[in-house]
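Got a structure for you, written out below as structure tokens; questions coming shortly.
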Amino acid sequence: MSIEFCKKIDLPKIHDPRGNLTFIEGCNHIPFNIQRVYYLYDVPGGAERGGHAHKELHQLIIAMSGSFDVILDDGRAKKRIQLNRSYNGLYVCPMMWRELDNFSSGAVCMVLASNCYDESDYYRDYNQFIQAVDSSKL
Ligand code: TYD
């Protein structure tokens, strides 16, 4: 899996003087079906989240409010992406180390995921992640 697969996706936006509306349909606007939604909020200043990779999980990360940065690392290249719009999502493919930092005050990070929570799907150790990436190249 390459970092090039991870892209910002423009989500549909219905403009309305009463307030805008965005919607997401699994397998239509994003390349997976949605099995789980979770969100990070009340993030204290200077905190970092993430710090892991997933073996199989696909995710879409959205700044529902405020802003934060996502740092992606596929074991070869790294990229820092700022999210600050509720109508943009960052698609993160499997086997991608991710860290989230630089949270603004009041930021809310919503994540759509392709599967239910499964601890065995995580790499939480960066060296183990790199070993897995290297062995997949053999
Ligand atoms: P984790 O994925 O490590 O969060 P982050 O990457 O944002 O730092 O999850 C933190 C804790 O929450 C961990 O104990 C697992 C638990 N958790 C669930 O029980 N269900 C979930 O869907 C998620 C995402 C986490």
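None of the figures in this text is laboratory data; all of them are computed from the coordinates on show. As the structure is a prediction and not an experimental result, all values here were calculated from the model. A quick note on method: Cβ atoms are made from the backbone with ideal geometry, for glycine too, and the neighbour counts reach across all protein chains shown.
In the stretch 84-97, what residues are assigned to a loop (DSSP other than H, G, I, E, B) and farther than 29 Å from N20 by Cβ? I'd like the intermediate steps shown before the answer.
Applying the first criterion (assigned to a loop (DSSP other than H, G, I, E, B)) to the stretch 84-97 yields 84-87, 93-96.
If the condition is that a residue be assigned to a loop (DSSP other than H, G, I, E, B) and farther than 29 Å from N20 by Cβ, then P94, M95, M96 are the ones that fit.
Here's a follow-up. Every residue in the stretch 52-83 that is of a type in the set (S, T, N, Q) and either part of a loop (DSSP other than H, G, I, E, B) or touching a residue at least 60 places away in the same chain (Cβ under 8 Å) (or both), please. Let's see the steps before the verdict.
Looking only at the stretch 52-83, we keep the residues that are of a type in the set (S, T, N, Q), and these are 59, 65, 67, 82.
Listed by number, the list holds a single entry, S67.
Which of (1) more than 18 Å from E4 (Cβ to Cβ); (2) in contact with a Leu (Cβ under 9 Å, 6 or more places away or on another chain); (3) of a type in the set (V, I, T) does I130 not meet, given it meets every other one?
(2)
Going by the conditions given, is L138 free of Cβ contacts under 8 Å to residues at least 40 places away in the same chain, more than 11 Å from the ligand (Cβ to nearest atom) and of a type in the set (A, V, I, L, M, F, W, C)?
Details: free of Cβ contacts under 8 Å to residues at least 40 places away in the same chain: yes; more than 11 Å from the ligand (Cβ to nearest atom): yes; of a type in the set (A, V, I, L, M, F, W, C): yes.
Yes; evaluated as a whole, the condition is true for this residue.
Here's a follow-up. Name the residues in the stretch 81-123 that are surrounded by fewer than 12 Cβ atoms within 10 Å (Cβ to Cβ) and over 24 Å from I34 (Cβ atoms), would you?
Passing the criteria: S105, G106.
Here's another thing I want to ask about it. Mind listing whichever residues of the stretch 94-111 are without any contact (Cβ under 8 Å) to a residue 40 or more places away in the chain and at positive phi? Explain how you work it out, then say what you get.
Restricting attention to the stretch 94-111, the residues satisfying the condition of being without any contact (Cβ under 8 Å) to a residue 40 or more places away in the chain are 102, 104.
Matches in the stretch 94-111: N102 only.
Something else now. Taking the condition within 16 Å of the ligand (Cβ to nearest atom), in a loop (DSSP other than H, G, I, E, B), exposed (fewer than 11 other Cβ atoms within 10 Å of the Cβ) and not aliphatic (A, V, I, L, M), does G46 pass? Outline the logic, then answer.
Numbers: within 16 Å of the ligand (Cβ to nearest atom): yes; in a loop (DSSP other than H, G, I, E, B): yes; exposed (fewer than 11 other Cβ atoms within 10 Å of the Cβ): yes; not aliphatic (A, V, I, L, M): yes.
Against the criterion (within 16 Å of the ligand (Cβ to nearest atom), in a loop (DSSP other than H, G, I, E, B), exposed (fewer than 11 other Cβ atoms within 10 Å of the Cβ) and not aliphatic (A, V, I, L, M)), G46 qualifies.
Oh, and also: Name the residues in the stretch 78-126 that are more than 14 Å from the ligand (Cβ to nearest atom) and in contact with a helix residue (DSSP H, G or I) (Cβ under 6 Å, 6 or more places away or on another chain), would you?
Listed by number, the residues that qualify are K79, C93.
Now a separate question. Go through the stretch 2-30 and report how many residues are part of a loop (DSSP other than H, G, I, E, B) and surrounded by 15 or more Cβ atoms within 10 Å (Cβ to Cβ). Spell out how you get there, then give the answer.
Here is the first cut: in the stretch 2-30, the ones part of a loop (DSSP other than H, G, I, E, B) are 2, 6-7, 11-12, 15-20, 23-25, 27-29.
Filter once more, so that each one left must be surrounded by 15 or more Cβ atoms within 10 Å (Cβ to Cβ): 6, 11, 24, 29.
Final tally of qualifying residues: 4.
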